[in-house]
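Notes follow the structure.
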Amino acid sequence: MDLHELWKTALADIELSVSRPNFITWFKDTRIASFDGGKMVVSVPNGFAKEWLQNKYNKFVVKAVRSLAPEIREIEYAIGDVAPQSAAHDRSIKSAPRRTFEAFPQYLDQLDLKEALVNPTTNLNPRYTFQNFVVGSFNEFAHAAAQSIVKKPGGVYNPLFIYGGVGLGKTHLIQAIGNALIGEQPSAKVRYVSSEKYMGEIVDALKTQEMQQLKERYRNFDLLIVDDIQFIGKTEKMQEEFFHTFNALYERNKQIVISSDRPPAAIPTLEARLRSRFEGGMMADLGEPDFETRLIILKKKLEEKQVHIDDEVLFLIAQNIKNNIRELEGVLNKIVLMSKMANTPVTVDETKKILNQLIYAPKKFATPKKVIKTISDFYEISEKDLVNSSRKKEMVRPRQITMYVLRDDLKCSFPFIGEKLGKKDHTTAIHAYKKIKNELKVNQDLEEELKLIRERIFTS
Amino acid sequence: MKLTTTKKNIVVAISNAERFTGKQITLPTLQSILLETKGNTCTIKATNLEIGIEASFSCKTDREGIFAVSPKLLFGILQHIQEESVTLELKQGIIFIETETSHTKLNTTPSDDFPLIPKIKTTTSFFVSRTGFVSAMEQILPAVSLSDFKPEIGGVYLAASGKNATFAATDTFRLAEKKIFLEKEVNGKFSCIIPLKMAQEIVRTLGTTEEVASVEVGVGDNQLMISWNASRMVSRVIDGNFPEYKAIIPNNFGITFSIPRDAILRRVRMANVLTGKLNDVVLKTGKNEISVLSVNPELGTTSSSFSTPVKGKEATATLNARYFSDGIASCGGDNIFIGMNDENSPLLLKNPEDDSFLYIVMPIRNTPAY
């Protein structure tokens, strides 16, 4: 007879000896928490029930239980969870978005303190799930890898390294893995941490001399998710700590999921031992969504907001915002708000206006000077070396990339470019431009590099 | 049982205990309160099985005894008697309430089934001044979440260690934090989440026990106990971890200003009259003035300004009027400091002379300029 059955039978017996109201009041939500060699612990919902059962009904309980399991010597009462943990977890994850809307329909636009929604134990935001992750050709590989991890954590895809540009859903995908795993195995210990936060924890632990506790804590997780690992390259101490944690988890076949804005090989200061470990598992990239996927994302978001907007308007948005899902959402929010304020559907012309503001506004004006500065910073060489006429290999390449960017993005003339970069002839500039352009077609790493450089030039 | 006491003593005790009674129909005795005399004290007990109280007052006892009675009836009679002192006597299940000029008979309810108020072995506890505790709770309470979808924020987070105690509450739209200083050190690290209902009762009940200087707050076995003299309140604590809110608190502001608290509160309340569906008011900062405005497309618009030096650029923030005014009211003091960044970042409110309390509110998603 299992514990559940045993308690059920005992309750049926107890019910006969106490009055109905008392039975309902005091025995509701009770269960057997443990039963170990003669000692049985009964879990009760609150202190009142504990006190009452202990002092008033103990003899009924003992009698009922003994008749079923004579080996019981003593019974203890402990205040336990009202509902099993798993059910509570499940509920909060699956129905969270819908219930908030029901509870606060008028607060749809009220921004919330994001950190307060986050589960403090796992650090996961329940908003990120597989259900609301839109899959297209650009991310189906990463998505499939993520899903297989939920089925078999610590298996062949360990570690999973996900990389991709800004606003393409890295964080969404890796947090969805954590949320889905908790959904399937409520007891799994999951931790999501951004590398910035990880660094803060290490600094705090060093300050309070609790490094050992921190290490222990991290080594006990079943699934560790680290976001934006590229920042880890900044400090050696952090790389070292992470290296040991990584090894400890890996040896125990615990799953590790890592995200970054570029592949491990493109993180300049990453130590070789970490890089080889990151590359040893599964690497998956998130590309840019195609038109159809962008459209599906927009429609899905509208469904969540329960608003209707013309397909024509959605087409226009999807056509214009190409490489950032977050931006896509931003534009949609603006349009939804406008239609709500005006109480009329948004027209295509109005959408165009908003898009124009957005597409041209954030792209900051970049000067050749800024390009040179950014690129020299990126390759960690001095500006002087970059504009010099040195033919050292490590100078030449950044110089050629600078020429390419000046031509391709700033539309500078070749003679001007030559003049700016070490008083070179315009043919040198043309050669550099063509060389990089051709190499881009075959070399994916270079493409990544350029993407990052452009991001720095135009966003900072 | 027979006891004589002052009217004031018994009326205060009953009115406090009444709020602890339950409305459950399964166990009718929960709707009543239990009075028990022992020596020269009378103890009143009440509980709804979530929270419970055991409050004592001194009295002259002629005969010890125990009875349960409806608090509404007893309170209804006692609050209207004129004499200073009153005698209660139990004879054959009927309670006789006697003063010099009035005679009342009340039927009691069976007391056998009345729950025991649990005895809690506290593992960590600390002493706190009653007024400090109550006012901290009062400041924090508005920010507690009323929704039950995230139970861990449905209460007041209380943590204490060394000589400091911190109260915090959030409903994910705003956050309030209060720090107080303790006279004696905490034995260990204290931390729990006090359910909203209990937090409200702490404010009400302790607010009326004026003769008490300090109370003891302790936790143990998933329960919270607040005790003073021979009285105590108990409650379950909320399972779970309170969000790590420290990271939310902004430290740097692009725009800051201080303003008489009364002036801004008036303006927000005025704007609140004409808010739209979102209950939104707009806070606008200029070079040397701030203004509060609201627009209701059907009813009208209002705006009012106040001259005060503003550090930083011109900006606007759209806020839920109630969240904003709750915060202004909670801050206390003559002036209020407001720090903000852009229209999508949280605002911080505090009393410029008092760093112990702060209130953070998130704006409503920015709307096209009015």
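The numbers here are math on the coordinates, done by the rules we state, and not lab data. A quick note: this is a predicted structure, and the numbers were derived from the prediction, not measured. Glycine gets a Cβ as well: all are built from the backbone with ideal geometry, and neighbour counts include every protein chain shown.
Considering only the protein assembly as shown, what is the antiparallel percent among its DSSP beta bridges, to the nearest 5?
Details: 118 of 142 bridges.
The answer is about 85 percent antiparallel.
If only the Cβ of Lys and Arg carry +1 and only the Cβ of Asp and Glu carry -1, the dipole of region B:193-275 around its Cα centre is close to 500 debye. Ranking of A:E236, A:E51, A:E419 by neighbouring Cβ atoms within 10 Å, starting from the fewest: A:E236, A:E419, A:E51.
Of B:K60/B:K105; A:K334/A:K451; A:K215/A:K451; A:K234/A:K369; A:K207/B:K178; A:K114/A:K369, which ones are farther than 32 Å apart at the Cα? Working shown, then result.
On the way: B:K60/B:K105 20 Å; A:K334/A:K451 27 Å; A:K215/A:K451 36 Å; A:K234/A:K369 26 Å; A:K207/B:K178 25 Å; A:K114/A:K369 38 Å.
Beyond 32 Å: A:K215/A:K451; A:K114/A:K369.
Each of B:S303, B:S102 has some number of other Cβ atoms within 10 Å of its Cβ, and from fewest to most they run B:S102, B:S303. In region A:116-286, a dipole from Cβ-located charges (positive for Lys and Arg, negative for Asp and Glu) runs towards its positive end, and of A:N253, A:Y192, A:A205 it is A:N253 whose Cα lies farthest in that direction.
The ranking of A:V396, B:V215 by Cβ neighbour count inside 10 Å, starting from the fewest, reads A:V396, B:V215. Only one residue of B:A271, B:L146, B:N48 has its Cα farthest out toward the positive end of the dipole of chain B, where Lys and Arg carry +1 and Asp and Glu -1 on Cβ, and that residue is B:A271. Once each part is reduced to its C-alpha centroid, what is the distance from region A:280-334 to region B:235-297 in angstrom? The distance from the Cα centre of region A:280-334 to that of region B:235-297 comes to 32 Å.
If you take every DSSP beta bridge fully contained in chain A, what fraction is antiparallel? Give it as a percent rounded to 5. Intermediate values should be presented prior to the final figure.
On the way: 5 of 29 bridges.
Around 15 percent of the beta bridges assigned by DSSP in chain A are antiparallel ones.
A Cβ-based charge dipole, computed about the Cα centre of region A:256-346 with Lys and Arg at +1 and Asp and Glu at -1, lands at about 320 debye. Annotation for A:R456 and B:H80: the two label points, set 7 Å from Cα along the Cα-Cβ direction, are 8.4 nm apart.
Could you compute the net charge surrounding A:L249? Neighbours are other residues with a C-beta less than 14 Å from the C-beta of A:L249; K and R count +1, D and E count -1. Spell out each step's value before the answer.
Numbers: positive: A:K189, A:R191, A:K215, A:R217, A:R219, A:R252, A:K254, A:R277; negative: A:E216, A:D222, A:E241, A:E251.
Surrounding charge for A:L249 is +4.
Longer than 31 Å from Cα to Cα, which of A:K370/A:K424; A:K197/A:K420; B:K150/B:K277; A:K28/A:K254 are they? Say none if no pair is. Distance filter (> 31 Å) returns A:K197/A:K420; A:K28/A:K254. Mind checking which of A:I229, A:P153, B:F114 is farthest towards the positive end of the protein assembly as shown's charge dipole, using Cβ charges of +1 (Lys, Arg) and -1 (Asp, Glu) about the Cα centre? The listed residue farthest towards the positive side: A:I229. Using C-alpha pairs below 8 Å separated by at least 6 residues, the relative contact order for chain B is 13 percent. Sorting B:44-55, A:35-46, A:304-315 by average packing, meaning the other beta carbons within 10 Å per residue, from highest down gives B:44-55, A:35-46, A:304-315.
Grab the other residues whose beta carbon is less than 12 angstrom from that of B:S304, score K and R as +1, D and E as -1, and report the net.
Values: positive: B:R266, B:R267, B:R269, B:K284; negative: B:E289.
My count for the surroundings of B:S304 gives +3.
Placing a label point 7 Å from the Cα of A:T208 along the Cα-to-Cβ direction, the residues of region B:210-246 with a backbone N closer than 18 Å are B:241-246. Ranked by the mean number of other Cβ atoms within 10 Å per residue, highest first, peptides B:174-182, A:424-432, A:265-273 order as B:174-182, A:424-432, A:265-273.
If packing is taken as the average number of other Cβ atoms within 10 Å across a peptide's residues, how do B:358-364, A:189-195, B:62-68 rank, most packed first?
B:358-364, A:189-195, B:62-68
Counting Cβ atoms of other protein chains within 10 Å of each Cβ in B:215-224 and taking the mean gives 2. Once the Cβ-Cβ distance of A:K237 and B:N252 is raised to the sixth power relative to R0 = 25 Å, the FRET efficiency obtained is 0.40. Per-residue shielding of B:113-120, expressed as the average number of other chain Cβ atoms within 10 Å of the residue Cβ, stands at 5.
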